[in-house]
1. Going by average Cβ neighbours within 10 Å, how do the peptides 56-65, 9-18, 147-156 rank, with the highest at the top?
2. Restricted to Cα positions, what overall size does the chain have along the principal axes? Three whole-Å values, descending.
3. Which residues' amide hydrogens lie under 5 Å from the amide hydrogen of LEU37, considering only partners 5 or more residues apart or on another chain, with H built in the peptide plane?
4. For the Cα atoms of the chain, what angle does the longest principal axis make with the long axis of helix 9-23, in degrees from 0 to 90, nearest 10?
5. Could you give the angle, 0 to 90 degrees to the nearest 10, between helix 41-53's Cα long axis and the longest principal axis of the Cα atoms of the chain?
6. Enter the accessible area per residue of the stretch 85-148 (Å², integer; probe 1.4 Å; all protein chains in place).
7. Which shape class applies to the stretch 16-62: rounded if a/c is under 1.5, otherwise prolate when a/b exceeds b/c and oblate if not, where a ≥ b ≥ c are the square roots of the Cα gyration tensor eigenvalues?
8. Using alpha-carbon pairs under 8 Å, 6+ residues apart, how would you state the relative contact order of the chain in percent?
Amino acid sequence: MTYDILLSEADIAARIDAMAREMAPRLTEETVGVCLLTGGIWFAADLTRALARHGLGIGFDSMWLSSYGDGRQSGEMILRADLQRPVKGKQVLIMDDVLDTGASLKFARDHLLRAGATEVLTAVMASKPVTRQIEADYVGWEAPKRYLVGYGLDDGGRLRGLPFIGALD
């Protein structure tokens, strides 16, 4: 399988550090970071470590949303696993791999607000240039409109573990 490397491992690390530096003043030790599974794991882990290097040890939880299955076409949004801890009265930071249509991010934000979060901020590693339902508060990289893989982004469950972001098309 061949792909074009669009963002190197070093570029990803630098962008995440810059994001952490930018968002740290707005967050607190009481902020709950919520990783959207499965693709957001890589970004959420790196971002929470970068925030810690900037003196901010936020809480951590996750939600498992699904709309793709193992294909490339988006379908109905399903909450497969909810948070493990309450967020009522807390600021929440949602962390996800990519923002395209915004369906997952909007679903998660609305769900967390209904659960009583006082504020829900959003951070994504990559944002594609498409019409969407929501914009992210923090974006690591403005991605091209291509089929992305690596760093959490997959092709039918494969290639998530690549240390860079590439394109398959």
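1. With the highest mean Cβ count within 10 Å placed first, the list reads 147-156, 56-65, 9-18.
2. So the three principal-axis extents are 46, 35, 26 Å.
3. MET63, TRP64, LEU65
4. 30
5. Roughly 50 degrees between the two axes.
6. Accessible area per residue, the stretch 85-148: 44 Å².
7. Numbers: a/c = 2.18, a/b = 1.38, b/c = 1.58.
Because a/c hits 1.5 or more and a/b fails to exceed b/c, the stretch 16-62 counts as oblate.
8. Working: 362 pairs, mean separation 42.9, N = 169.
Taking the mean separation of contacting Cα pairs over the length of the chain, I get 25 percent.
The values are calculated or read from the model by the stated rules, or taken from the named source; none is laboratory data. Given the structure is predicted, the values throughout are model-derived calculations rather than measurements. Ideal geometry is used to build each Cβ from the backbone, glycine not excepted, and the neighbour counts take in all protein chains shown. In case anyone asks, the SASA skips ligands and DNA or RNA and just uses the protein heavy atoms, side chains included. Shrake-Rupley method; radii C 1.70, N 1.55, O 1.52, S 1.80 Å.
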